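Engineer: First the structure, then my questions, so here it is.
What follows is calculated from the coordinates using simple rules that are stated; it is not laboratory data. Nothing here was measured: the structure is a model prediction, and the numbers come from that model. Here Cβ is always computed from backbone atoms with ideal geometry, including for glycine, and neighbour counts include all displayed protein chains.
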């Protein structure tokens, strides 16, 4: 049976998916500001979570884990991804505030908030129950928000983000990996 906290999380999850779908579809110019605000505000204001409980701690460790894993994983994607040359760094940097907001909001909600509600246990190897479930929910949310089942593919980088959160003990590590992943994906499309 689900505990009250579990029910509260899933109500917040489905409300967030609905809110995000409306924001992305009808107010895309404001989505980069509204979504992070809502994704951080809901756990803080409605569930009385502190920023510490949401993973805002161990900053240096989070930076190290986020940068090192990003540097090891993301170049492989860049090498295999088709992209147009010459590269437009100015255009990529213009997206930085949007993607930073998205990374902070989504990681606070899907890692910090989720992990603060549910007990975690190891499943197999490095995979934990919380990482698997939060990554499934992350993938489903993206598929629903963008009305595109292929968006579930974010399940795989989400597993890396969950791993980073667990190993670093900081929301900073998955935020950095998320940000760098989004910018890498954008680079591959430019």
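Engineer: Based on other C-beta atoms within 10 Å, arrange 110, 187, 30, 155 from fewest to most.
Structural biologist: Listing 110, 187, 30, 155 from fewest to most nearby Cβ atoms yields 30, 155, 187, 110.
Engineer: Here is a further query. Sorting 11, 151, 111 on the 10 Å Cβ count, fewest up front, what's the list?
Structural biologist: Placing the least packed residue first, the sequence is 11, 151, 111.
Engineer: Does anyone have the angle between helix 59-80 and the longest principal axis of the chain? Alpha-carbon axes, 0 to 90°, nearest 10?
Structural biologist: The angle comes out at about 50 degrees.
Engineer: Okay, moving on. How would the range 32-132 be classified by its alpha-carbon gyration tensor: rounded, prolate or oblate, with rounded meaning a/c under 1.5 and the a/b versus b/c comparison settling the rest?
Structural biologist: oblate
Engineer: How far apart, in nm, are the 7 Å Cα→Cβ label points at residue 76 and residue 64?
Structural biologist: 2.3 nm
Engineer: Between residue 88 and residue 136, what's the calculated FRET efficiency when r is the beta-carbon distance and R0 is 45 Å? Round to 0.05.
Structural biologist: E between residue 88 and residue 136, to the nearest 0.05, is 0.80.
Engineer: I need two numbers for the chain: Rg to one decimal and Dmax as a whole number, Cα atoms only, in Å.
Structural biologist: 16.2, 56
Engineer: Same structure, new question: Kindly express, to the nearest 10 degrees and within the range 0 to 90, the angle between helix 155-168's C-alpha long axis and the longest C-alpha principal axis of the chain.
Structural biologist: Value to nearest ten degrees: 70.
Engineer: What is the helix-to-structure angle for 4-26, meaning the angle in degrees between its Cα long axis and the longest Cα principal axis of the chain, kept from 0 to 90 and rounded to the nearest 10?
Structural biologist: 30 degrees
Engineer: Another question, then. Please provide three numbers in whole Å: the alpha-carbon extents of the range 141-190 along the principal axes, with the largest listed first.
Structural biologist: Cα extents, longest axis first: 33, 24, 14 Å.
Engineer: Here's something else I'd like to know. Sort 178, 142 by Cβ crowding within 10 Å, fewest neighbours at the top.
Structural biologist: Listing 178, 142 from fewest to most nearby Cβ atoms yields 142, 178.
Engineer: Quote to one decimal, in nm, the extra length available between residue 148 and residue 37 on full extension: 0.36 nm per residue of separation minus the C-alpha distance between them.
Structural biologist: Going from the current span to full extension adds 37.5 nm.
Engineer: Additional query: For residue 27 and residue 44, calculate 0.36 nm times their separation in residues minus their Cα-Cα distance, and state this gained length in nm to one decimal.
Structural biologist: Length difference between fully extended and current span is 3.7 nm.
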